[in-house]
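Notes to accompany the following structure.
The values are calculated or read from the model by the stated rules, or taken from the named source; none is laboratory data. All of these numbers come straight from a predicted model, not from anything done at the bench. As a convention, Cβ positions derive from the backbone with ideal geometry for all residues, glycine included, and neighbour counts pool all protein chains shown. All accessible areas refer to the heavy atoms of the entire protein, side chains included, with ligands and DNA or RNA removed. Shrake-Rupley method; radii C 1.70, N 1.55, O 1.52, S 1.80 Å.
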Amino acid sequence: MTEPILRITEIFRSIQGESTRAGFPCAFVRLTGCSLRCVWCDTAYAFHGGGDMTLSKAVERVLALDTELVEVTGGEPLEQEAVYPLMDRLLSAGRTVLLETGGHVGLERVDPRVVKIVDVKAPGSGMSHANLLENLELLQAHDELKFVIADRRDFDWSLAMVRQSNLDAGRVVTFSPAWGTLPAAELAQWVRDSGRPIRLGLQLHKILWGDVPGR
């Protein structure tokens with residue numbers, strides 16, 4: 001049988017900048033391609049290009065980075081069929097695997113051992129119509145939800161969704177400011193006064209190194 005091929009933008013080692021694992025060394029596999037076009041997207045360079053790599057070579061490169069933590073991201077990783085054996089191989093190698101996904105592709109086939117970090121698109125993204133709400137029923141306790149907030153309208157919309165579905169009950173929900181759009185201090189005040197156990201998310205890698213690829 002032909003070995004699965006992945007379209008990859010970059011593989012690199014850095015510090016995890018988001019989620020509850022922020023601050024830990026992490027290897028990143030950024031897959032190429034995404035069908036969404038969020039207004040504030042900070043990885044548009046992964047929409048096109050990249051290069052083909054066999055599954056075995058990709059796993060070899062990730063494991064050579066020697067981190068316990070691995071994030072599979074994009075683009076949108078679940079739009080590539082070979083992402084499933086990639087995550088399986090990394091799990092079998094004893095890695096903790098995070099999956100950063102835009103929330104518009106079904107999660108049914110994702111191994112339950114994977115920690116899913118699922119975006120919920122607020123109106124300011126321009127892509128809120130793409131939210132696959134059925135995914136919320138498939139989340140486990142170790143999975144996380146992330147809302148990127150561009151303005152007060154986004155915040156109010158997101159907070160209403162959290163309240164309506166009790167999304168923060170036994171699960172981490174993070175509100176992050178859209179980079180360069182909403183001051184983090186302003187969002188911090190809204191989160192503080194929300195009355196909900198919501199986590200303020202800051203993109204640590206950007207604070208450290210700026211908005212550059214591969215960092």
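Quick rundown of the values:
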quantity: Mean residue ellipticity (222 nm) of the chain, computed from DSSP H runs ≥ 4 via -39,500 (n - 2.57), nearest 500; calculated: -6500 deg cm²/dmol
quantity: 17 Å Cα-Cα reach of K57 towards aspartates and glutamates, excluding residues that sit fewer than 8 places from it in its own chain; calculated: E3, E10, D66, E71, E81, D88
quantity: Overall form of segment 1-118 per C-alpha gyration tensor (a/c, 1.5; a/b vs b/c); calculated: rounded
quantity: Prolate/oblate/rounded label for segment 98-215 (Cα gyration tensor, a/c 1.5); calculated: oblate
quantity: Accessible area of W40 in the full protein assembly, 1.4 Å probe (Å², nearest 10); calculated: 60
quantity: Sequence of F175, F47, F24 when ordered by accessible area, the most exposed leading, probe 1.4 angstrom; calculated: F24, F47, F175
quantity: Heavy atoms of C26: accessible area, 1.4 Å probe, square angstrom to 10; calculated: 0
quantity: R0 of 30 Å, Cβ-Cβ distance D156-A44: FRET efficiency to nearest 0.05; calculated: 0.65
quantity: Heavy-atom SASA rank of Y45, Y84 (probe 1.4 Å, accessible area, largest first); calculated: Y45, Y84
quantity: Separation of the R13 and D88 label points, Cα + 7 Å toward Cβ, nm; calculated: 2.8
quantity: No Cys partner within the rule (Cβ under 4.7 Å), the chain; calculated: C26, C34
quantity: Heavy atoms of M161 accessible to a 1.4 Å probe, total area in Å² rounded to 10; calculated: 30
quantity: Accessible-area order (highest first, 1.4 angstrom probe) of the listed residues S92, S128; calculated: S92, S128
quantity: Net charge contributed by nearby residues that have their C-beta within less than 13 Å of T54 (K/R +1, D/E -1); calculated: +1
quantity: Segment 36-140: GluC sites (Glu not before Pro) in DSSP coil with no more than 16 other Cβ atoms inside 10 Å; calculated: E68, E81, E108
quantity: Amide H partners (placed H, <5 Å) of E10, local residues excluded; calculated: R30
